[in-house]
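The values are calculated or read from the model by the stated rules, or taken from the named source; none is laboratory data. Since the structure is predicted, the reported quantities are computational estimates derived from the model, not experimental observations. Cβ atoms come from the backbone with ideal geometry, glycine included; neighbour counts cover every protein chain shown. For accessibility, only protein heavy atoms count, side chains too; no ligands or nucleic acids. Shrake-Rupley method; radii C 1.70, N 1.55, O 1.52, S 1.80 Å.
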Amino acid sequence: MARKPHDSPDQPRVGEGRLDRRGFLKHGAALAAVTTPAGVQATQAGGDLPWLHVPGQPFSAYGQPSPHEHYTARRIGANRAVAGNGVSFTPLEDLDGTITPNGLHFERHHNGVPQIDPAQHRLVVHGRVRQALSFDVKSLLRYPMRSQMLFIECGGNSNAGWHAEPIQRPAGSVHGLVSCAEWTGVPLSILLDEAGVDPGASWVIAEGADAGAMNMSIPLGKMREDCLVALYQNGERLRPENGYPMRLIVPGWEGVLHVKWLQRLEVGDQPVMSRNETSKYTELLPSGKARQFTFTMGCKSLITSPSHGQTLRQPDVYQISGLAWSGHGRIARVEVSADNGKHWTDAVLQSPALPRCFTRFRLPWRWDGKPAVLKSRATDQAGNVQPERAALIAERGRAGYFHYHAIVAWAVEDDGLVSHTY
């Protein structure tokens, strides 16, 4: 997609409100000086607060969030008829950095979360192989492992963007079917080589041990390239809702392929053509043709602060912050606009910007109290540029449901209220 030339230095940027980081820090220090009561000494700041004089709580076997942070929780959207079928959204607007805590990682379940005894679980590799193999958890834990920070995004994430009118919900409740974690596990190439794959094989069918027997087809080349049988998430063993005792990780590709509770890998020469690759995840285009096996997640970004439901209390300096990611590799650039895309400027990317991983971006912005429209636009290392919504709809039509990755716009009203807009 063609892009606008980058704004020259003498053009207005971010709605005439861009500040460099040094200016932002200087202004912040001035604000602190104004709001600190005169004559208050640092040693008097706590006063007679009880925790300064009473011993704290004892050790705990497993740490929990502060009860004061109870609002930071997943939003659940379950099927009323089948409670185990549905999703839970990561509250992206309440988080910072790039790593999603295990307890807030998004979920997509088809028939509930199985409570698997790892001593009874097996992963079988069979089909067009020299020898079928069966692995229990203990045996896999002895294999060489690799750790990689990666996002997983449901193919249906952000699908409300196809609606004719913008949905008014918090950012995470619309775009939160994506999370980022460090995954550790056994490279699939090791297991496939041990089984001895037939030269004529080209697909692998992955199946989960849930009651829904979720199964998906993945090209053999991808499985050999970089896929993992994950056993750990963010340094600890997988949790049940994220695939315990083992799950498949398919870097950069749609979440439905990251089969949880993995129990079977069948090597073959054709896809299984399951429900989730025929009646689902196949999208009719305006031309009459259909997209199928469109595995890679597109280049995408989202401003998480300020975003829907938040309020700017007064004209002041604010930090625009958000996330960018792409299934095609590393995020190379994120631009921000506060005037509905008339002018753009580069945000600062938090290091390290890793391939197929969340990248946090930030940019200070002085809001003058007038209406504004905030947008972010990501570019990845392959040159893919996040499209405007109108361009994505012109290309794909509105008969589909999956892989929505258009620019998201937040309207800031003159009273500071932020809402979703097109």
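Couple of notes before you dig in:
- Qualifying residue in region 375-384 (condition: at positive phi, without any contact (Cβ under 8 Å) to a residue 60 or more places away in the chain and touching a strand residue (DSSP E or B) at 6+ places or on another chain (Cβ under 9 Å)): yes
- Pair list, Cβ < 8 Å and 6+ apart or interchain, from region 390-412 residues that are farther than 18 Å from Val336 by Cα to residues that are modelled with pLDDT of 95 or more and hydroxyl-bearing (Ser, Thr, Tyr): Leu392/Tyr404; Tyr404/Ser158
- Applying the set (1) among the small types (Gly, Ala, Ser); (2) surrounded by fewer than 18 Cβ atoms within 10 Å (Cβ to Cβ); (3) under 22 Å from Ser376 (Cα atoms) to Ala290 leaves exactly one unmet item: (3).
- Criterion violated by Cys357 - all others in (1) of a type outside the set (Gly, Ala, Ser); (2) closer than 21 Å to Asp96 by Cβ; (3) open to solvent by 50 Å² or more (accessible area, probe 1.4 Å) satisfied: (3)
- Counting only residues that are assigned to a strand (DSSP E or B) and either among the charged types (D, E, K, R) or touching a helix residue (DSSP H, G or I) at 6+ places or on another chain (Cβ under 8 Å) (or both), region 252-266 holds 4 of them.
- Condition met for Pro5 (at pLDDT below 95, of a type outside the set (Val, Ile, Thr) and under 26 Å from the mean Cα position of the chain (by Cα)): no
- Search result, residues across region 328-337 that are closer than 23 Å to Ser307 by Cβ and either open to solvent by less than 10 Å² (accessible area, probe 1.4 Å) or in contact with a Lys or Arg (Cβ under 8 Å, 6 or more places away or on another chain) (or both): Ile331, Val334, Glu335, Val336, Ser337
- Among the residues making up region 56-101, a single one is touching a Lys or Arg at 6+ places or on another chain (Cβ under 8 Å), within 25 Å of Arg362 (Cβ to Cβ) and not in a loop (DSSP other than H, G, I, E, B): Phe89.
- Counting the residues of region 197-220 that are more than 24 Å from Pro118 (Cα to Cα), in contact (Cβ under 8 Å) with a residue 12 or more places away in the chain and open to solvent by 10 Å² or more (accessible area, probe 1.4 Å) gives 8.
- Residue in region 110-117 that is open to solvent by 50 Å² or more (accessible area, probe 1.4 Å) and without any contact (Cβ under 8 Å) to a residue 60 or more places away in the chain present: yes
- Qualifying residues in region 136-158 (those that are of a type in the set (Ser, Thr, Tyr) and in a loop (DSSP other than H, G, I, E, B)) - the one least open to solvent (accessible area, probe 1.4 Å): Ser158
- Test: residue in region 267-279 that is under 19 Å from Val87 (Cβ atoms), without any contact (Cβ under 8 Å) to a residue 24 or more places away in the chain and part of a loop (DSSP other than H, G, I, E, B): yes
Let's see how each residue does on (1) crowded, with 19+ Cβ neighbours inside 10 Å; (2) at pLDDT 95 or above; (3) over 26 Å from the mean Cα position of the chain (by Cα):
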| position | (1), (2), (3) |
| --- | --- |
| Pro91 | yes, yes, no |
| Asp94 | no, yes, no |
| Thr100 | yes, yes, no |
| Arg130 | no, yes, yes |
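- Verdict on Gly243 being open to solvent by less than 30 Å² (accessible area, probe 1.4 Å), without any contact (Cβ under 8 Å) to a residue 40 or more places away in the chain and under 30 Å from Pro101 (Cβ atoms): yes
- Residue in region 219-242 that is of a type in the set (Val, Ile, Thr) and under 30 Å from Gln386 (Cα atoms) present: no
- If you filter region 388-422 down to residues that are closer than 18 Å to Glu153 by Cα and not aromatic (Phe, Trp, Tyr), you find that the one that is surrounded by the most Cβ atoms within 10 Å (Cβ to Cβ) is Val408.
- Residue check for Lys300: basic (Lys, Arg), under 26 Å from the mean Cα position of the chain (by Cα) and more than 30 Å from Asp136 (Cα to Cα): yes
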